[in-house]
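The values are calculated or read from the model by the stated rules, or taken from the named source; none is laboratory data. Nothing here was measured: the structure is a model prediction, and the numbers come from that model. Every residue, glycine as well, gets a Cβ built from its backbone with ideal geometry; the counts of neighbours run over all protein chains shown. Each accessible area value is taken on the protein alone, full model and side chains, heavy atoms only, with ligands, DNA and RNA left out. Shrake-Rupley method; radii C 1.70, N 1.55, O 1.52, S 1.80 Å.
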Amino acid sequence: MATNTEKIVVQVVVKGGKQLDNLDKKTGKATKSVGGLTKGMAKMAGGVALAAAAFRGISKVVSSAISTFKDFEFQMAKVKAVSGASSLDFQKLSQSAEELGRSTFFTATQVAELQTNYAKLGFTTKEILQAQEATLLLATATGSDLARAAIVAGAAVRGFGLDASETGRVTDVMTLAFASSALDIEKWQTSMTKVAPIAESMNIPLENTAAIMGALTDAGIEASIAGTSMRNIFLKMKDPTSKLSKFLGFTVNSADDLTKAMDKLQTAGDKTLDSLVNIRQVAAFNVMVKGSERIQQLTERLIDAEGAAKRMSDIIGDNLEGA
């Protein structure tokens, strides 16, 4: 560019003013052309930038979609491997997961995780399909992780010897128990795994057991200690040779027996109560006996818990985020 400029200057000096005027006109045209070209290139560059940004956005969407599909496909493979479902049953599970992923808070992959956990508990395809909607309501109503909700609800179904069709009953009781006491899904899981099989063997229903556990949790007894203490107290109530059964004059083998036992224990003094169980169960035992009225009230509420998970889930979903 410097060399060309020098040539122009020489020509201007030699050829005079007329030629300079002509040169000015030509230079002006050239400048306009270059300016137009510059503007054109700027527009083109802007268009390219917009296209590149759009492409990056599309790429992210496509990449996310592929990743989502990959995760779902992988999780459904786990469902098939664990459940041993036939091709037809697997198709039902897959379609169900996709539909619930479209119509609820949860993704299809999360529903597939729920199905995997139920399959691990020995639920058949039919039982999984019966249980999953109630579990979705539980997770929504209580803000719980869906996969964990399946494990905990499924363990309660199995622990109390219930049919999978009664999962709704379990999730309703859990939801209302969490709303009516200091229980939450973690405390429930920790304590109920210890006491559920014993309660079931004594014909003590889920609702009665949950009410006692709620009272123990309200009293500040740690979940693991509460579950272990309750299990040992129940075992003593069931054992005809224990001090507790001898004091009662009968063994506890039903909810009615448990109510009678609590009434009888109201007549005992503190020293007598403390002597009927091991020292590690004294705190829980005293809460059970002295809080029997509160336990009975909560039991009655839990017996009438039907629809609790749906009601709470609807309330939580009735907002912008839920929509």
message = Given the stretch 126-260, report the % of alpha carbon pairs whose separation exceeds 21 Å.
response = 40 percent
ask   = Applying the Karplus parametrisation 6.51 cos²θ - 1.76 cosθ + 1.60 with θ = phi - 60° to the phi angles of the stretch 103-114, what ³J(HN,Hα) value in whole Hz is obtained for each residue in order, glycine and proline being reported as x?
value = 10, 10, 4, 9, 7, 4, 5, 5, 5, 4, 5, 4
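Of the cross-linked pairs Lys260/Lys290; Lys194/Lys260; Lys187/Lys243; Lys92/Lys126, which ones have a Cα-Cα span greater than 19 Å in the structure shown?
Working: Lys260/Lys290 14 Å; Lys194/Lys260 24 Å; Lys187/Lys243 30 Å; Lys92/Lys126 9 Å.
Violating the 19 Å Cα-Cα cut-off are Lys194/Lys260; Lys187/Lys243.
Tally Lys and Arg at +1 and Asp and Glu at -1 over the other residues with C-beta under 9 Å from the C-beta of Thr251: what net charge comes out?
-1
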key: Mean Cβ neighbour count within 10 Å, used as a protection proxy, ranking 205-213, 283-291 highest first   = 205-213, 283-291
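Could you report the stretch 224-323's accessible area per residue, 1.4 Å probe, as an integer in Å²? Provide the component values of the computation, followed by the final result.
Details: 5720 Å² over 100 residues.
Per-residue value: 57 Å².
Ordering Ile221, Ile279 by accessible area with a probe of 1.4 Å, largest first, what comes out?
Values: Ile221 30, Ile279 150 Å².
From most exposed to least exposed: Ile279, Ile221.
Take peptides 151-160, 259-268, 110-119, 171-180 and line them up by average Cβ neighbours within 10 Å, highest first, as a rough protection proxy.
Taking the mean over residues of other Cβ atoms within 10 Å, the ranking is 110-119, 171-180, 151-160, 259-268.
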Computed over the stretch 195-270, Cα set: Rg, Dmax in Å = 12.0, 31
message = Using a Cα-Cα cut-off of under 18 Å, which aspartates and glutamates could be cross-linked to Lys264, ignoring same-chain neighbours fewer than 8 residues away?
response = Asp239, Asp256, Asp274, Glu293
